[in-house]
Amino acid sequence: MSVVSIFFTALFYISLVIFLVGMIRKIYQYWITPAPLKIPTAPTPLTQTGVVMRLAREVVLFESLFKSNKWTWLFGWLFHVGLLLVLIRHARYFWPGDLPEIFLLVQPFKYAAFAMVIGLIGLMGRRIAVERIRYISAPSDYLMLLLLLVIGVSGVVMTFTSNHTDVIMVKGFASGLLSFDWANLPTEVHFLVHIFLAFSLLAIFPISKLLHVPGIFFSPTRNQVDNARKKRHISPWALKQEQEQEVRLNETLGKDE
């Protein structure tokens, strides 16, 4: 293997470990964070099925964003759907051996890269052009959008221009990462930039605002049933504290008697 291939192989595993450890840690943190109050936002679901349907609409349709701002919803939805389709198409590179025929169905997904890039350009333009959004934007917000944009544009360049790369080598390298049968990768600059930024994104994902991906499922404004009048809502830590106070009160009353 070449030095470049060794570097990117090591970078992938390092990024993957950081991603997995970081995601597990954050999800555990979300899981144990208490929700002391019932705070679902209106219109509130009255059943658990309603909560599931609400989360499904949020994940698939970005319902609350659609109600908030149509332009932000349009660009955000284009980006996320485009990214999803592109990732599905990229799965063929990691598939060991010959590809099943089902992968022929995802070939048109390559055009989703344009939706992804257009969505990112719109979101970047929103942060620059809208004063109130620009005021609350941190440098990391711009850098994250720029990182995603360069990844998307470099992918479009490799797919739709004459700057193609050797997809056979790409598949050998990518599938080898999962089977530990390591191989050389293409050395075109645009390809190396593409995967370097993709692996970097994998590493910084758990410490970025991209954590809204798992975070939405732990948001009490989205995952709670509006049944506060029918069922008392109390967090485990509050229940434990209440029980301890009751024990101390009984002990005090026992001493007085």
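Laboratory data are not the source of any read-out in this text; all were calculated from the coordinates shown. Just so it is clear, the model here is predicted, and its values are computed rather than measured. FYI the Cβ positions are ideal-geometry reconstructions off the backbone, even for glycines, and counts take in every protein chain you see.
Some notes on this structure:
- nm² value of the averaged projected area, convex hull over the Cα atoms of segment 158-239: 10.2
- Environment charge of residue 138, counting only residues whose C-beta is closer than 12 Å and scoring Lys/Arg +1, Asp/Glu -1: +2
- Between 0 and 90 degrees, the angle of helix 112-129 with respect to the longest Cα principal axis of the chain falls at about 60 degrees.
- Between helix 167-179 and the chain: long-axis angle, C-alpha atoms, 0 to 90°, nearest 10: 40
- Going from the fewest other Cβ atoms within 10 Å to the most, the residues 158, 116, 1 appear in the order 1, 158, 116.
- The chain: calculated mean residue ellipticity at 222 nm from DSSP helix runs of at least 4, using -39500 (n - 2.57): -23000 deg cm²/dmol
- Candidates per trypsin sites (Lys or Arg not before Pro) in segment 209-242, loop by DSSP, up to 12 other Cβ within 10 Å: 229, 230, 231, 232
- Exposure proxy for 63, 101, 251: other Cβ atoms within 10 Å of each Cβ, ordered fewest to most, give 101, 251, 63.
- Structure-derived semi-axes √(5λ) of the Cα gyration tensor in Å: which label, when the choices are (i) 45, 24, 18; (ii) 36, 25, 19; (iii) 31, 19, 18: (i)
- Helix axis angle, 139-160 relative to the chain longest principal axis, alpha carbon, degrees: 40
- When peptides 125-134, 193-202, 7-16 are sorted by average Cβ neighbour count within 10 Å, with the highest value leading, the order is 193-202, 7-16, 125-134.
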